[in-house]
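Presented below is the structure to which this report refers.
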Amino acid sequence: MEEHITRWRLILGQDVRAMGEAALSEEQSLLDATLAALYDDTEGGKGSGRGAGLGKSAPNLAKWLTDVRNFFPPDVVSIIQADAIERKGLTKLLFEPETLKNVKPDIAMVGTLMALKGQIPKKSKDSARELVKAVVDEIMKRMEQDLRRAVTGALNKKAHTPIANFSSTDWKRTINRNLKNYDTETKRLIPEKFYFFERTQKQKSWTVILDIDQSGSMCDSIIYSSVMGSIFASMPALDTHVIAFDTEVTDLTELCRQDPVDMLFGVQLGGGTDINKSVAYCQTLIENPRKTMFILISDLYEGGVRAGLLRRLEQMHSDGVKVMVLLALSDSGRPDYDEKLGKEIAKKGIACFACTPDRLPDLVAAALKGDDLNKFEGSDKGGEKNV
C-alpha cells in the first residue's frame, strides 16, 4: 500500500492534499524534483511550495538534463526534452555548450537545431554539430548496410562475369543451379559451375534524384532522406542528386557527397512550398529516363501550380522514370498530407505512400528491378500509409 501511495505521489507531485504525506527516499526526492522542474505549473517555489525550477543558467539546465537521462529510458528522455522546449522555452539555453553536451541526441533535437541554426552562437557550433553527427551516425549504421545490399543486388541481378573471384560469388544462383548435384550420402553440394557478380560498375548505371520538401512538418523525413542521399552518393553505380525546396530550389548534391551533417545544416526548414518548381528543376537532371529513379519526399501541400506538378510527374512516369512519392520517411510512417493531391497522383499510376526507414531498402530494390511499386501500398507492415 505504501509503495502504491509513493508511486501516485511521484505522478501527481507535491501539491496533493488528499493523499497526505508520502515518505520519499533520497533518490525518489531527486526524481520528484526533476519532474517538478518541468511539469510544475508554478515556478520559483510560488504557489505549491515546490522550489524546483530549470532556472536561467546553463549549468542548472545541464544538471537537470543529466538527471533526466539517469532516471529514464531513452524514449522517455526524448519526450521530456521536447516538453522542456515547449513548456519552458529552453531553446536558447540549448545553445550553451555545457547544455548541449548533456542533451540526448535524437531526431527531435536535431530538428530543433536545424530550425534555429542561424541563432546558434559560434561558441556552441561545434557542440551542436557533434550532437547532429551522433544522430546521423546512428541512422547511417541502421540504414547503410541494408540499403547498399538492396541496390547492389538489384543492379547485379543480371550482371555476371566469367572471371572467378570468391568475394563476388553469387551464392544464390550458384546453389540453385547446382542443386541437382547434391550428394545425399555425404550431405554435400558439389558445384559443377560457380557464378560471379561483376565486382565493380564501370560507370554510373542509374541516376537517383531525391527531391526533398523543406517544410517544418517534414523534419524527420528530411533527416532520413539526407542520410539516404549520402549513402546513394557513396555508391559508384549511382549518379545521385539531392535537391531541397520550399518556394526556392537548392541543389545540395555537392554537400551530400561530402558530409550528410553539412547537408542537414544546408536545409532551411519552414517557408512556403512550390513542388512544381522543384520538379521542373529535377527534370533538367534526367538524361536517360529508363535508368532514372525520382523520389519526391513531400506532404504535398502545394503552394505552386498543382496542374503543372501533376503534368510533370505524369510526363516523367510515361517517359520511363521510376517515380515514387514518399509522403513521409519516418519511424511512424504515418503522414499528414494533402489527401486530394495524393489521390490524383496515385490515379496516374505513380506510387504514393509513406514508408519507414526499415522498409526503404525493399522499396528501392523493387524500383531498380522494375517491379510494380504499388504492391507496397495498403500493407500494414512497416507502417506504410496508402493514399
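A few notes on this one:
- Failed criterion for Arg257 (all others in (1) of a type in the set (D, E, K, R); (2) farther than 17 Å from Leu147 by Cα; (3) open to solvent by 30 Å² or more (accessible area, probe 1.4 Å) hold): (2)
- First in region 358-370 and closer than 11 Å to Val323 by Cα, second anywhere and buried (at least 21 other Cβ atoms within 10 Å of the Cβ) and of a type outside the set (A, V, I, L, M), Cβ under 6 Å, 6 or more apart: Ala367/Lys322
- Check on Ala354, touching a strand residue (DSSP E or B) at 6+ places or on another chain (Cβ under 7 Å) and either assigned to a strand (DSSP E or B) or at pLDDT 95 or above (or both): yes
- All of (1) surrounded by 19 or more Cβ atoms within 10 Å (Cβ to Cβ); (2) in contact with a strand residue (DSSP E or B) (Cβ under 9 Å, 6 or more places away or on another chain) hold for Leu264 with one exception: (2).
- Where Met324 falls short, out of the listed (1) touching a residue at least 40 places away in the same chain (Cβ under 8 Å); (2) more than 18 Å from the chain's Cα centre (by Cα); (3) open to solvent by less than 10 Å² (accessible area, probe 1.4 Å): (2)
- Odd one out for Ala280, checked against (1) touching a residue at least 60 places away in the same chain (Cβ under 8 Å); (2) out of contact with any His (no Cβ under 7 Å at 6 or more places or on another chain); (3) open to solvent by less than 40 Å² (accessible area, probe 1.4 Å): (1)
The values are calculated or read from the model by the stated rules, or taken from the named source; none is laboratory data. Please read all numbers here as calculations on a predicted model, not as lab measurements. Neighbour counts are summed over all protein chains in view; Cβ atoms, including those assigned to glycine, are modelled from backbone coordinates with ideal geometry. With ligands, DNA and RNA removed, areas are computed over all heavy atoms of the protein, side chains included. Shrake-Rupley method; radii C 1.70, N 1.55, O 1.52, S 1.80 Å.
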